[in-house]
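To keep things clear, I will list the structure first and then write my remarks on it.
The values are calculated or read from the model by the stated rules, or taken from the named source; none is laboratory data. Note that the structure is predicted; figures quoted are calculated from it, not measured. In case anyone asks, the SASA skips ligands and DNA or RNA and just uses the protein heavy atoms, side chains included. Shrake-Rupley method; radii C 1.70, N 1.55, O 1.52, S 1.80 Å.
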Amino acid sequence: MLWLSIIGIAALSLLYIGYQRKTSRKVKKASNLVHLDQFRKNRDKQSVQKVQKCGKCNKYKRLHFYADPVGKITGLCKECENNESSKKMLRI
């Protein structure tokens with residue numbers, strides 16, 4: 001009889017723990033909290049994929065920035081860097 005009561009108490013405690021976990025998951029999904037580790041991962045993924053438009057060919061590529069003699073800053077891709085006009089510019 002003692003074993004049956006111990007097994008019954010253990011079963012009830014397992015059911016109670018399972019119910020508590022289930023209700024706590026619902027609360028976490030419904031909350032307005034933003035976990036920073038997930039936000040940082042998403043931000044890092046976006047920064048790797050970030051490309052800008054070239055100043056000469058208007059294609060979206062990774063750019064290197066140059067300043068012309070007047071002081072205007074222009075972003076150029078690798079293809080446009082080799083032009084004669086870009087050789088006069090200073091790389092930033």
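Taking the residues in region 63-92 that are open to solvent by 40 Å² or more (accessible area, probe 1.4 Å) and part of a strand (DSSP E or B) as candidates, determine which candidate is nearest to V51 (Cα to Cα). If we take residues in region 63-92 being open to solvent by 40 Å² or more (accessible area, probe 1.4 Å) and part of a strand (DSSP E or B), then H64 is nearest to V51 (Cα to Cα). Candidates in region 29-51 are the residues that are open to solvent by less than 100 Å² (accessible area, probe 1.4 Å) and more than 18 Å from the chain's Cα centre (by Cα); of these, the one that is modelled with the lowest pLDDT is A30.
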